[in-house]
1. Name the strands (runs of 3 or more DSSP E) wholly within region 75-180 that hold at least 3 residues that are without any contact (Cβ under 8 Å) to a residue 60 or more places away in the chain, outside the structural domain of ARG18 (by TED's automatic domain parsing) and crowded, with 19+ Cβ neighbours inside 10 Å?
2. Testing LEU47 on (1) touching a Ser or Thr at 6+ places or on another chain (Cβ under 8 Å); (2) at pLDDT below 90; (3) closer than 18 Å to THR109 by Cα, one condition comes back false. Which one is that?
3. Yes or no: region 3-11 includes at least one residue that is within 20 Å of GLY114 (Cβ to Cβ) and surrounded by fewer than 18 Cβ atoms within 10 Å (Cβ to Cβ).
4. One residue is enough: does region 95-116 have a residue meeting the conditions of a type in the set (Lys, Arg) and either under 9 Å from the mean Cα position of the chain (by Cα) or within 15 Å of PHE199 (Cβ to Cβ) (or both)?
5. Going through region 24-42 one residue at a time, which ones are touching a strand residue (DSSP E or B) at 6+ places or on another chain (Cβ under 8 Å) and among the hydrophobic types (A, V, I, L, M, F, W, C)?
6. Which of the residues belonging to region 36-55 are out of contact with any Phe, Trp or Tyr (no Cβ under 9 Å at 6 or more places or on another chain), without any contact (Cβ under 8 Å) to a residue 40 or more places away in the chain and farther than 20 Å from PRO20 by Cβ?
7. Are any of the residues in region 101-108 touching a helix residue (DSSP H, G or I) at 6+ places or on another chain (Cβ under 8 Å) and closer than 15 Å to PRO202 by Cα?
Amino acid sequence: MSERLWILLNGDFALADRLPFSDEPIIAVDGGIRHAQHLMQSPNLWLGDFDSATIDYPHIARETYPSDKDYTDFELALAYAHEHYSQRDWHIMGSAGDEADHSFGNLWTLPKFGRRCFLWQKNALIFFGKDQIQLSWQAALHSKVSIFALTPLEKLSNSGLKWTLNDSVLSPYCALAARNEMIEEKASVSWQKGCGLVFLPPTVTLL
């Protein structure tokens, strides 16, 4: 099981498959610090322009940025994570909400850094991966699973799903691998090259 970094954004909170271990770092992004109470652990760092934070936490180390800047607070958090925690999987809470462009923008920035990311949302767990990906999970039978290629996904395979892929190539911007269905309690997806998104059911356990 991979070590995790946790990033808290200010969108809607959804539980992950487990709470952070005591040695796993947590970065709170601006108003996302409100979600720390659900994790029962204080963030190691609090960063952003603090335009949406309503309570002060003086005991938490912080990095402050101006409101007028060329990057979102989330991008700044990803840049910090890329510098300090590049060997961990990044688990992101609060990435979706009522503003569709904000939610999409959080997905849009992920390929820039190319790290394994898990975005825990109320209606899905969204995984982003680039090159040499192996992803396994456990979820309820008949749960839906969708794969979307941002660049060509080469040697794409799966197991435990109704429609099987075996060393296939999935082209970008097509829905060929969308709306697959779990026929076993454990399933997996892998590919050798390319950037892609995998949409999993929200009540999933990563293996």
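1. Working: elements: 89-93, 117-120, 125-130, 133-138, 144-149, 153-159, 168-170.
Qualifying strands (runs of 3 or more DSSP E): 144-149, 153-159.
2. With respect to (1) touching a Ser or Thr at 6+ places or on another chain (Cβ under 8 Å); (2) at pLDDT below 90; (3) closer than 18 Å to THR109 by Cα, LEU47 is out only on (2).
3. Step one: of region 3-11, the residues within 20 Å of GLY114 (Cβ to Cβ) are 3-7, 9.
Applying the additional criterion that residues be surrounded by fewer than 18 Cβ atoms within 10 Å (Cβ to Cβ) yields 3.
Yes, there is a match, as at least one residue in region 3-11 is within 20 Å of GLY114 (Cβ to Cβ) and surrounded by fewer than 18 Cβ atoms within 10 Å (Cβ to Cβ).
4. First pass over region 95-116, keeping only residues of a type in the set (Lys, Arg): 112, 115-116.
Cutting the leftovers down to either under 9 Å from the mean Cα position of the chain (by Cα) or within 15 Å of PHE199 (Cβ to Cβ) (or both) gives us 116.
Yes; the residues of region 95-116 include at least one that is of a type in the set (Lys, Arg) and either under 9 Å from the mean Cα position of the chain (by Cα) or within 15 Å of PHE199 (Cβ to Cβ) (or both).
5. Across region 24-42, the qualifying residues are ILE26, ILE27, ALA28, VAL29, ILE33, ALA36, LEU39.
6. Just the residues of region 36-55 that are out of contact with any Phe, Trp or Tyr (no Cβ under 9 Å at 6 or more places or on another chain), to begin with: 37, 40, 44, 51-52, 54-55.
From what's left, without any contact (Cβ under 8 Å) to a residue 40 or more places away in the chain: 37, 40, 44, 51, 54-55.
Result: ASP51, THR54, ILE55.
7. Checked region 101-108: no residue is touching a helix residue (DSSP H, G or I) at 6+ places or on another chain (Cβ under 8 Å) and closer than 15 Å to PRO202 by Cα.
The values are calculated or read from the model by the stated rules, or taken from the named source; none is laboratory data. For clarity, every value in this text was computed on a predicted model and none was experimentally measured. Neighbour counts run over all protein chains shown; Cβ positions are idealised from the backbone, glycine included.
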